[in-house]
1. Indicate the gyration tensor shape class of the stretch 342-508 (rounded, prolate or oblate), computed on the Cα atoms with a ≥ b ≥ c the square roots of the eigenvalues: a/c under 1.5 is rounded; otherwise a/b larger than b/c is prolate and the rest oblate.
2. Explain nothing, just the number: dipole magnitude of the chain about its Cα centre with +1 on each Lys and Arg Cβ and -1 on each Asp and Glu Cβ, in debye rounded to the nearest 20.
3. State the answer as a single residue: which of ILE317, ALA456, GLY515 lies farthest towards the positive end of the charge dipole of the chain, with beta carbon charges of +1 for Lys and Arg and -1 for Asp and Glu, about the Cα centre.
4. Choose one of MET414, ALA500, TYR446: the residue whose Cα lies farthest towards the positive end of the charge dipole of the chain (beta-carbon charges +1 Lys, Arg; -1 Asp, Glu; about the Cα centre).
5. To check you understand DSSP bridge types, tell me what percent of the beta bridges within the chain (both residues inside) are antiparallel, rounded to 5.
6. Cα extents of the stretch 4-120 along the three principal axes, largest first, in whole Å?
7. Along the positive direction of the dipole of the chain (beta-carbon charges: Lys, Arg +1; Asp, Glu -1; about the Cα centre), which of GLY89, GLY166, TYR6 reaches farthest?
8. Ranked from highest to lowest mean number of other Cβ atoms within 10 Å per residue, what is the order of the peptides 199-205, 436-442, 263-269?
Amino acid sequence: MSDTIYFVGPWDLARELPCVPADPDQGVVVMIESVAKGKALPWHRQKLVLVLSAIRHFAAELEAAGYTVDLAQAPSYVEGIRAAAARHGAKRVVAMRPREWSLDQALTQEALEELELVLHPSGGEGGHFLLSREEWFGWVGQQRKKNATKTLRMDTFYRWMRKRLGLLLDGEGKPVGGKWSYDAENRKSIPKGVQPPPAPYFEPDELTREVMSQVAGWRDRWGSVEGFRWPVTRAQALEVLDGFVSERLGEFGDYQDGMRGGDAFLWHSLISSSLNLSLLHPREVVEEALAAYERGDAPLNAVEGFVRQVIGWREFIRGVYWLRMPELRSANLLDARRPLPRFYWEPERTDMACLRDAAGSVLEHGYAHHIQRLMVLGNFALLAEVEPIQLSHWFWAGFVDAYEWVELPNVAGMALYADDTFTTKPYAASASYVNKMSDYCKGCRYAVSKRTGENACPFNFLFWNFMARHRERLSDNFRLKMLYKTWDRWDDEERDTIRAQAAAFLDELEPAEQGWSFEDDAC
Ligand SMILES: Cc1cc2nc3c(=O)[nH]c(=O)nc-3n(C[C@H](O)[C@H](O)[C@H](O)COP(=O)(O)OP(=O)(O)OC[C@H]3O[C@@H](n4cnc5c(N)ncnc54)[C@H](O)[C@@H]3O)c2cc1C
Ligand code: SF4
């Protein structure tokens with residue numbers, strides 16, 4: 001009997017990761033369903049189905065390949081590892097360095113006592129991420145030496161990653177096509193009549209159906225298991241990736257920032273849930289997109305845009321998480337204190353068509369695409385001064401691809417400007433942005449171009465109220481100077497009306513019902 005067990009975390013579902021021994025005889029593979037984690041937040045039921053079904057499929061795949069797999073429920077991951085070590089007479093545990101702060105703390109703070117713990121880096125050579133934490137901190141150190149300002153810039157990071165990985169460069173190390181980023185070309189609104197291909201759907205197999213009926217009966221969780229569609233195996237994840245590259249990537253760039261009522265998926269890749277469980281590796285998804293470009297099957301603006309999301313934003317966001325934890329959980333630069341509105345959990349309770357659709361998509365699928373997350377769900381919470389941790393909990397619980405390492409920096413850093421590690425101003429926008437990028441406003445009971453008065457779109461008076469409230473902090477930003485000039489041109493009456501309508505609207509917003517519990521540290 002080997003004295004080593006191999007702990008495969010629920011997000012480490014890849015044969016290539018070193019938490020899976022190369023040879024089945026090297027030791028038992030231990031997989032744990034943590035009761036504490038399962039109850040930590042009011043998870044969307046489809047997210048629970050996804051994670052549990054993916055774990056169980058992976059365990060079955062390993063068993064079929066000759067591994068001994070001990071898949072057990074335990075009060076927590078740490079207790080599960082200890083119990084498994086005792087069951088198998090092991091003295092040594094091999095695992096990947098956890099992606100979330102709480103489990104990382106729990107494992108590295110001697111919680112395993114007498115057991116020797118070998119933790120492989122979660123990034124860099126052999127890991128899931130393209131960068132190791134040390135490489136990330138090395139880059140941060142360089143930036144801090146070079147720059148007087150403390151803001152870390154994603155575009156600088158992205159260029160560094162492109163050069164480091166040698167992607168989309170010409171023979172002289174310059175960007176192919178002459179530009180590092182085609183972001184400015186990727187902001188087209190979606191023309192009427194242009195339809196995306198149907199989004200992938202996987203009929204649940206017997207194992208998934210079993211999990212669905214189990215999870216359906218769990219209380220204090222959100223959403224329904226019905227309509228579950230997400231890939232739960234590597235084979236299915238590869239199908240999603242192939243389908244994206246052959247059918248959607250071509251238009252991904254053009255319509256990346258577009259929104260359309262009733263269509264949650266558009267031309268997005270839908271690979272985030274698979275990437276975050278390691279069913280896909282970021283390197284392979286980027287290689288597939290680049291191969292499509294080489295074949296002439298996808299234009300540069302689309303491929304560069306996609307590569308930027310994966311090697312740029314995804315790695316950068318993860319780095320920010322490790323840089324800013326645990327303070328990131330309480331970051332609240334704008335001192336926003338209002339409760340999360342109830343309609344985030346119950347979308348039918350709002351008449352705001354854009355919010356009802358975006359939050360409704362999360363309730364239905366555990367998913368909304370990036371611009372819905374940032375410019376609708378995030379933007380509203382920003383303007384409504386929602387306490388950041390409350391929005392973070394909603395994102396973490398509600399999305400099939402959400403883990404704290406990725407949702408928290410996106411919520412706190414990008415959507416709410418609660419932390420200024422990588423942003424110099426909030427992504428605040430009035431209704432005209434939503435109107436330009438979507439078809440929502442046509443069917444809405446609110447008037448998109450009215451700033452105040454009956455039926456005025458709340459995004460308008462909330463936007464101006466927000467900008468006025470935070471003038472002292474924001475007016476130095478040269479990109480906002482014009483905006484404050486406009487505010488100053490209006491008379492006092494107009495400004496008072498905006499403030500009064502915003503205050504009345506915010507006071508009337510129904511807060512989320514009490515009763516959900518959120519245990520950030522449970523693991
Ligand atoms: C407020 C907010 C919360 C978010 N929470 C999450 C989350 O919990 N989990 C998550 O994976 N992404 C999160 N994102 C990032 C992004 O919205 C999703 O990755 C994307 O919508 C997933 O859908 P897709 O796979 O179809 O992505 P696509 O639009 O097709 O993009 C391709 C891939 O790029 C990566 N990516 C793009 N932008 C980001 C980003 N800002 N951060 C990290 N990865 C990125 C993802 O892996 C994504 O799968 C959040 C963004 C915002 C603004
Ligand atoms: S009018 Fe306002 S609330 Fe209605 S869809 Fe447009 S932006 Fe959203």
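A short reminder: the numbers here are calculations on the coordinates, not readings from a lab. From a predicted model like this one, the values you see are computed outputs, not experimental measurements. Cβ coordinates were reconstructed from backbone atoms using ideal geometry, including for glycine residues, and neighbour counts include every protein chain displayed.
1. Verdict is oblate for the stretch 342-508.
2. 1660 debye
3. Going by the Cα projections, it comes out as ALA456.
4. Towards the positive end, the residue furthest out is ALA500.
5. Here the share of antiparallel DSSP bridges comes out near 10 percent.
6. Cα extents, longest axis first: 38, 34, 23 Å.
7. GLY166
8. Highest to lowest by the protection proxy: 263-269, 436-442, 199-205.
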